[in-house]
């Protein structure tokens, strides 16, 4: 089987998570500067077999899309141009940042480490991917 990759897209940083080859476990991979995301993905796709990219879909409590959706749509256009054959799926990402922060607290990370926004983004991507896996 091939891997599934998830992105917690942000205008500055994007958290990335990936499944194992059996698509059972979601694990944080890294966080990259968003301006370098397409380059990172080109390298990753060249070295790993990926069958799907899951991108978080930020929604408000009333189910309307959030302001950040405009930036995400711009990225999706670039992504589609760069990887026309790579399937993509959107997943509701409400509360993932809060869940990621709570996960950091529950795992005993120090306050200093919990301030690491890149780690929050990576954990958020992992939560997005795990959510997708549960829905399959």
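The values are calculated or read from the model by the stated rules, or taken from the named source; none is laboratory data. A quick note: this is a predicted structure, and the numbers were derived from the prediction, not measured. Positions of Cβ are generated from backbone atoms using ideal geometry, with glycine treated the same way; all protein chains shown enter the neighbour counts.
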Go through (1) within 24 Å of residue 136 (Cα to Cα); (2) touching a helix residue (DSSP H, G or I) at 6+ places or on another chain (Cβ under 9 Å); (3) buried (at least 18 other Cβ atoms within 10 Å of the Cβ); (4) in contact (Cβ under 8 Å) with a residue 60 or more places away in the chain for residue 72 and report which single condition fails.
(2)
Residue 6 vs. criteria surrounded by fewer than 16 Cβ atoms within 10 Å (Cβ to Cβ) and either part of a loop (DSSP other than H, G, I, E, B) or at pLDDT 95 or above (or both)
no
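Got a number for residues in the range 12-34 being free of Cβ contacts under 8 Å to residues at least 12 places away in the same chain and within 9 Å of the chain's Cα centre (by Cα)?
The qualifying residues number 0.
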With respect to the numbered conditions (1) in contact with a strand residue (DSSP E or B) (Cβ under 9 Å, 6 or more places away or on another chain); (2) farther than 24 Å from residue 119 by Cβ, which one is the sole condition not fulfilled by residue 46?
(1)
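Among what's in the range 41-65 and is in a helix (DSSP H, G or I) and free of Cβ contacts under 8 Å to residues at least 12 places away in the same chain, pick the residue that is nearest to residue 8 (Cα to Cα).
The selected residue is 43.
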What residue, of 53, 65, 120, 91, is touching a strand residue (DSSP E or B) at 6+ places or on another chain (Cβ under 9 Å) and modelled with pLDDT of 95 or more?
53
